[in-house]
Amino acid sequence: MSVELTDLRIRFGSLVALDGASLQLRDGEVHALLGANGSGKSTMVKVLTGVYTPDSGRIAIDGTVVTAGWSPAAATAAGVRVVHQEAPLLDSMSIAESVALFTGYPRRRGGSIAWRQLRATTAEVLERCRIARRPSDLTGALSGAERATLAVELATRSGGDGLRLLVLDEATAALPEGEAALFLEHVRRIADAGVPVLMVTHRLAELTWADQVTVLSDGAVALSGPSDQVGVPEAVEIMRSGGIAHAGGAETRTSGTLGRLWQGEAGRGSGSGAVVLRAEGVTGERGGSLTLELRAGEIVGAIGPRGGGVEALPRLLSGAAAATGGRLAVRGRELPLPLRPRQAIAAGILHLPADRLHEGGLPSLPVSENITLPDARRFWHRRGRERDAVRGVIDYLDVRPRDPHAVFGRLSGGNQQKAILGRLLRMQPTVLILADPTYGVDPAAREIMFDAIREARDTGIAVLVTSTEPEQLSGLCDRVLLIEDGVVAEELTDSDLTVESLLARAV
Amino acid sequence: MSATDTARRTDGKPVPGRSDAGRSHPLALARGYETVGILAVLVVVFALATSKFLTQQNLVNVVSVQTITAVMTLAVLFPLIIGEFDLSVGYQIGFLAMFEAEIAQHVSNPAVVMLAGPVVGALVGLVNGMLTVVAKISSFIATLGVGILLSGATQGISHGQVIYTHIPTAITNLSRTGFASLPMSVWLTLLIGVILFYVLEHTPVGRFWYAIGSSQRVAYLAGVRTNTLRVLAFVLSGVLVGVAANFSLAQAGSANPGYGPDLLLPAYAAAFLGVSTYRPGYYNVAGSLIAILLLAIGFNGLSLLGVPFWVQPIFNGAALLVAVLVARQETRQVRVG
């Protein structure tokens, strides 16, 4: 089946998500779709699967225009199958039962489950995926790559055998580089059977592995062609500049300074250059030995392949995960390990967790309480002071809606993240640790956050930022640490600190 | 992921948040006070329908009887706010009343008897809290287990007999003497309500409890002493059940081994109903107390009009469902269980 999306345009209120983007998918080809966050990748996928209806443009399948009446049901009937990043499998049940969730339970006469038949089906599925497990094994025992592969295989089988187009929405994002091979081989087998595959990704390795490549920027196609003709540097350049040049929100924000946020008190940042945080051989549950120093008044980035320890770093330094060994000192004062979050906070280490949904904010409480939460004591019987503090954060980071009583969980991802960052900045950190702060955040919000982070640095705060989008760190960080196999493998400074070098090392 | 995340902003115009919607609705002012309105309507209707309703004796009687339910409701409020259940409170009040009655057989000092309930209640709460927080058993199961265990203990210390001797008059006077024609138990309930209202709404500890209820993980990462505060919520619940046990001894003048379990569901019903009032979407003291008044006045008026006894549960159940449906927008967010 060939699919053609032509000149798609879609607006959400004042936001232009797709601005004349086109895409052509052909039988047996793997097509990689790249772009920075907010470039329209997800919107494109949602148009393809019928979730969004484009304001204008054309969707054609095998030459027949189907734009009118295109819906999730129509897309499914046409054979479009999507696999998302999180494989929806049942960890606490057997692989066979996870399979049955998609394929349905085979029944015996009388209606009881035909277990033997289910096991046979599952064994066949596992063999096709080249996964060496038994159907009775727990689903939770599967490795990341095995899960992803199984999820793809099950998606191709769900809703009958009608797979005509496979869409992988960041399906490899959670896989360590070394493990991705099993998954990619399986995808290739599916493509070789004559099915077009659209792969939304931000891994450069997959850019060269695919047959066709399209790079989106600001809702339009910036670059498209066969993968051997699309240069990696060009693609990288587009992904980096995408969005940043269009950070329109920055001018609209009310001018404010960190000083105002602190209500006249001096910040805790010390003179630039002094080492404020020293970690020596900090070890987590999954091993590793992290040694690093953070100085006052610098922004240090941390990148690295997934599973290599870069995710653990912010959690270990802030007490969100228990460190099992090593030494950690802030301003020369040794901190106990394992560290509790409250001890870290008392020492001035403030942490913005990567898992915004479960660890960032209190979804059912108002924005105001999310901003005052950790030190509500400061505001006890000081209503006016509390109102000023909340107002200050909302103004400084342009949190929308501007209503302090808005329920936090209803804010968009970018605004949630700004509110949490504001909470941390208001608490006058010595060390600010930001885990993937711009994940799923629109470019305008990202620029506001980056400006605030830079201002925090200028007041003498030490900042550590990790990111799954290394291309964003080049303009922000003073130096970047590469973390591999649980240790700091390399430090990039000055001329080494380019988008190309970051991307090359992160994958 | 919402559209805002995946699309770029073309101009600086604010994206309207949902919380702004409905601001200008004519009934917006009444939002959160629907139950107060219903309560007022009921009072007017009953006052017009029967002359027996709006008498001092009747109204005093209504509020006096409700003191036990009111304190029990406040007792379940704390576990609910932190996202836990305490199912032991029904068995617990029966046990604590019986325990106090048994102490009264041996000790003549009324202060010892009166304090025995809250103190032992605090210990029971501590056990509930430790099982939930330290042993990490689901509070639903842990408190059910503790409750069943207590019901056995009640039977054990009473040998299945009602104890009606040697109940100190200091206790029975709680529901007989007072001032401004209201008995002490009513004034004490109001005092407890005011204190708890202050603690929950206007102290950091209260706000931390709500934060834990919204997300325990987030509260922990933000430096809140989540374990201590969670155990404390269960302990407070136990203390309040001890107070309610005193009120029940005062009202009945005796301790009955079968007493208690019937109080569990009305207490929860009032707490859930209270979610629709004062601070919509959150368990709160003011809403819970208004909910209790609503249920009590409703039943009282109906029984004065001569409806049979079995109408009370039907009225209570219907009131809960209707109130929650009316305030559905707010109450849907509340995590129950």
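Any read-out appearing in this document is the output of simple, stated calculations on the displayed coordinates, not a laboratory observation. In this text the structure is predicted, and so the values were computed from the model without any measurement. As a convention, Cβ positions derive from the backbone with ideal geometry for all residues, glycine included, and neighbour counts pool all protein chains shown.
Between B:Ser108, B:Ser175, B:Ser139, find the one with the highest GNM mean-square fluctuation for chain B; connect C-alpha pairs within less than 10 Å. In this elastic network of chain B, the residue with the biggest mean-square fluctuation among B:Ser108, B:Ser175, B:Ser139 is B:Ser108. Note on chain A: antiparallel DSSP beta bridges, both residues inside, total approximately 55 percent of the bridges counted. Here A:Ile420, B:Ile148 are placed in order of increasing Cβ neighbour count within 10 Å, fewest first, which gives B:Ile148, A:Ile420. The Rg/Rh ratio for chain B, using Cα coordinates for both the radius of gyration and the Kirkwood hydrodynamic radius, is 1.02. With a simple spin-label model that places each label point 7 Å from the Cα along the Cα-to-Cβ direction, the separation between A:Glu234 and B:Met130 comes to 7.1 nm. The Kirkwood hydrodynamic radius of the protein assembly as shown, based on inverse pair distances between different Cα atoms, is 30.5 Å. Against the longest alpha carbon principal axis of chain A, how many degrees, from 0 to 90 and to the nearest 10, is the axis of helix A:144-157 turned? Helix A:144-157 sits at roughly 40 degrees to that axis. Around the Cα centre of chain B, unit charges on the Cβ atoms of Lys, Arg, Asp and Glu (plus for the first two, minus for the last two) sum to a dipole of about 940 debye. For the pair A:Glu185 and A:Asp27, what calculated FRET efficiency results from E = 1/(1 + (r/R0)^6), where r is the Cβ-Cβ distance and R0 = 30 Å, to the nearest 0.05? According to the calculation, E is roughly 0.95. Can you give me the angle between helix A:115-128 and the longest principal axis of chain A, using Cα atoms only, in degrees from 0 to 90, rounded to the nearest 10? That helix lies at roughly 70 degrees to the long axis. Listed by chain and number, the aspartates and glutamates whose alpha-carbon sits under 18 Å from that of A:Lys46, ignoring those within fewer than 8 places in the same chain, are A:Glu4, A:Asp7, A:Asp19, A:Asp55, A:Glu86, A:Asp169, A:Glu170, A:Asp218, A:Asp442, B:Asp5.
The modelled label-to-label distance between A:Arg402 and B:His166, using points 7 Å beyond Cα along the C-beta direction, is 7.1 nm.
When peptides A:330-339, A:290-299, B:301-310, A:209-218 are ranked by their average number of other Cβ atoms within 10 Å per residue, the highest-first order is A:209-218, A:290-299, A:330-339, B:301-310. Footprinting exposure proxy ranking of B:Lys136, B:Lys52, A:Lys46, A:Lys418, fewest other C-beta atoms within 10 angstrom first, gives B:Lys136, B:Lys52, A:Lys46, A:Lys418. Relative to the longest principal axis of chain A, what angle (0 to 90°, nearest 10) does the C-alpha long axis of helix A:383-397 take? Approximately 50 degrees, to the nearest 10.
The mean count of C-beta atoms from other chains within 10 Å of the C-beta of residues in A:397-408, rounded to a whole number, is 3.
On the basis of the beta-carbon distance and an R0 of 60 Å, A:Gln117 and B:Asn61 show a calculated FRET efficiency of 0.30.
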